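We did not get these values from a lab; they are worked out from the coordinates using the rules stated. Note that the coordinates shown come from a computational prediction; the quantities given were computed from them, not determined experimentally. Don't worry about glycine lacking a Cβ; one is built from the backbone with ideal geometry, like all the others, and counts go over all protein chains shown.
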Amino acid sequence: MDTTKNLEEIFQSKIDHEIKIEPKDWMPDAYRKTLIRQISQHAHSEIVGMLPEGNWITRTPSLRRKVALLAKIQDEAGHGLYLYSAAETLGITRDQLLDELHTGKAKYSSIFNYPALTWADMGSVGWLVDGAAIMNQVMLCRTSYGPYARAMVRICKEESFHHRQGFEILLTLSQGTEAQKKMCQESINRWWKPALMMFGPPDEQSSNTEMSMKWKIKRETNDELRQRFVDVAAEQVKFLNMTLPDVVWNESTGHYDFGALDWDHFWNVVKGNGPCNKQRLDARIKAHENGAWVREAALAFAEKQKIRQQSQVKTA
Ligand code: 3HC
């Protein structure tokens, strides 16, 4: 009979030997719990993340931009479904996941609690928000939990399109009129530091990183990924002839310095006091309520199908 200690040793040995943990494998309760926490928050982020961009579908400057924005938003819905399904393999139901979001129990990425005020924001969201998400998600392609790692592979491919369409929006504006250039720089200035906070608090304030690194849920820390993102964006922004606030090359470290981030502000947004927290949650609750009839109809149809198949089996 395997004792818990023995099971824990087998589990950690799999992690150490890069063997993916699958839904039916034994796993420590704390591993399951932190994965449900992280994957569900990731899924919530995808779904809530559709809202700032959804607000611009009717206001895109061309049909081409509308098509790209619609495709991106639809992708995000699919990412959410992928990730909710990955979370469900750990023994939590979709209803529980959504209830935790709607009651404010579950978190979603702080970045989606900021308003998208101008068309340039659609570019900044694609370039900076999806760019930061890609930096994190490429790492998660190697996470130790099988379903999560596999979900990331497809998500990262689609995020690359999101990132490029955002950068192209900014590139177009950066080559336009003075007013368009001004709108472009103003948007980058507004989204830059909140995007850096997407990577999570500084490592010394991170309550989950130590265990996540031991269990290879995370492969790099918040600060390591944040720095990598800054170094990449600082080179890309040169093609826009724009600047990133407080970003300066540091010859001695071989990286870009990015100034102080306001972590009190960050925690305040995470706690629900950001510019759009209430608006975002109200929108999600309203959408869930308005969509109840679709769920009921789908469940009724599935039940009818099940009864029909059972009667066919009886008569066969
Ligand atoms: N927004 C809200 N909460 C955050 C946060 C953020 N940006 N960063 C950290 N937190 C929370 C954590 O959830 C944790 O709280 P909890 O224990 O109650 O869950 C607390 O702050 C301490 O942070 P830690 O660093 O200890 O937490 P993690 O180890 O979980 O690391 C993370 C944070 C790097 C965001 C990690 O959770 C992660 O990799 N999540 C999955 C990826 C993800 O969510 N990406 C962002 C959104 S996806 C997206 O942008 C969609 C794209 O299509 C646009």
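Some points to look at:
- Between the listed residues 92, 197, 270, the Cα displaced farthest toward the positive end of the dipole of the chain, a dipole computed from Cβ unit charges relative to the Cα centre, is found at 92.
- Amide H within-cut-off set for residue 255, under 5 Å, with H built and near neighbours excluded: 250
- Links that overshoot a 30 Å alpha carbon limit, given the list 157/271; 107/193; 14/271; 20/286: 157/271; 14/271; 20/286
- Cα centre as origin, Lys/Arg/Asp/Glu Cβ charges: segment 15-80 dipole, Debye: 480
- Couplings 3J(HN,Hα) for segment 168-176, derived from phi with the Karplus relation 6.51 cos²θ - 1.76 cosθ + 1.60 (θ = phi - 60°), are 5, 4, 5, 4, 4, 5, 5, 9, x Hz, where x marks Gly and Pro.
- ³J(HN,Hα), Karplus 6.51/-1.76/1.60, whole Hz, each residue of segment 101-113, x for Gly, Pro: 5, 5, 8, x, 6, 8, 8, 9, 4, 3, 4, 7, 9
- Separation of segment 206-231 from segment 104-147 is 15 Å, based on Cα centroids.
- For the chain, the alpha-carbon radius of gyration amounts to 1.11 times the rule-of-thumb value 2.2 N^0.38 Å expected for a compact globular protein.
- Counting only the Cα atoms, segment 137-216 fills a convex hull of 89 Å³ per residue.
- Here the Karplus curve 6.51 cos²θ - 1.76 cosθ + 1.60, taken at θ = phi - 60°, turns the phi angles of segment 285-292 into couplings of 5, 5, 5, 5, 5, 5, x, 4 Hz, with x standing for Gly and Pro.
- With neighbours defined as other Cβ atoms within 10 Å of a residue's Cβ, the residues 193, 66 order from fewest to most as 66, 193.
- Rg in Å to one decimal, and Dmax rounded to a whole Å, for segment 167-316 via C-alpha atoms: 24.2, 80
- A convex hull fitted to the Cα coordinates of segment 16-163 yields 107 cubic angstrom per residue.
- Mean residue ellipticity, 222 nm, helices only, the chain: the sum of -39500 (n - 2.57) across DSSP H runs of n ≥ 4, divided by residue count and rounded to 500, is -21000 deg cm²/dmol.
- Counting neighbouring Cβ atoms within 10 Å and putting the fewest first, the residues 243, 209 line up as 243, 209.
- Bridgeable aspartates and glutamates around residue 218 (alpha carbons under 18 Å apart, same-chain partners fewer than 8 residues away excluded): 16, 18, 22, 29, 203, 204, 210.
- The region of the chain that goes longest without hitting one of the GluC sites (Glu not before Pro) in a DSSP loop, each with at most 12 other Cβ atoms within 10 Å, is 19-250.
- Given charges at beta-carbon only (K, R positive; D, E negative), |dipole| of segment 156-231 in Debye: 140
- Farthest toward the positive end of the dipole of segment 1-52, out of 3, 15, 31, is the Cα of 31, where the dipole comes from beta carbon charges about the Cα centre.
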